[in-house]
Amino acid sequence: MDRRRRVLLSVIVIVAVLAYLGFSIFSGDNLSYYVTVSEIVNGTIVKEPVNVRGVIVEGSTEWSPDERILRFKLTDGVETIDVIYHGNMPGNYQDNTSAVVTGVYQDGLLSASRIAFSCPSKYKAAGRVAGG
């Protein structure tokens with residue numbers, strides 16, 4: 001009976017550890033959820049890290065290489081926010097590119113800690129040829 005209790009206790013501990021790991025892996029902080037620019041402007045998410053998806057506004061980029069500060073505007077076509085990023089200029093940064101920016105939104109400014117870009121599609125819809 002003593003051996004049986006030890007095995008049962010070991011199984012319970014293993015299940016508890018696996019359950020804890022499963023919940024912590026899939027908790028809200030670890031999911032890749034994002035909000036749109038309109039949702040962040042019109043919402044209540046303030047002073048906490050958030051992933052914001054939008055498009056970098058053409059002509060809005062200001063890069064200061066000496067200070068390593070990147071400023072730009074991000075839009076979803078409805079609302080626009082200002083973004084500031086401290087760090088190296090991302091190698092694939094371009095105006096008019098879809099991006100997910102991670103940072104803290106406060107007082108109309110998103111202080112970014114990370115910028116991720118969508119991969120350009122290799123497959124574009126081909127134009128129709130007349131008579132074809």
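When the chain is fully extended, how far beyond the present Cα-Cα distance does Arg3 get from Val104, taking 0.36 nm per residue of separation? If you can, show how the numbers build up before the last one.
Details: separation 101, 0.36 × 101 = 36.36 nm, distance 5.34 nm.
Length gained between Arg3 and Val104: 31.0 nm.
Taking label points 7 Å from Cα along the Cα-to-Cβ direction, Arg71 and Ile14 give a separation of 5.9 nm. Remark: the stretch 33-117 is approximated by an ellipsoid whose semi-axes, taken from the C-alpha gyration tensor as √(5λ), come to 19, 14, 11 Å, largest first.
Throughout, read-outs are computed from the coordinates displayed, never taken from laboratory work. Computed from a predicted structure; not experimentally measured. Reconstructed Cβ throughout: ideal geometry from the backbone, glycine too, with neighbour counts over all protein chains shown.
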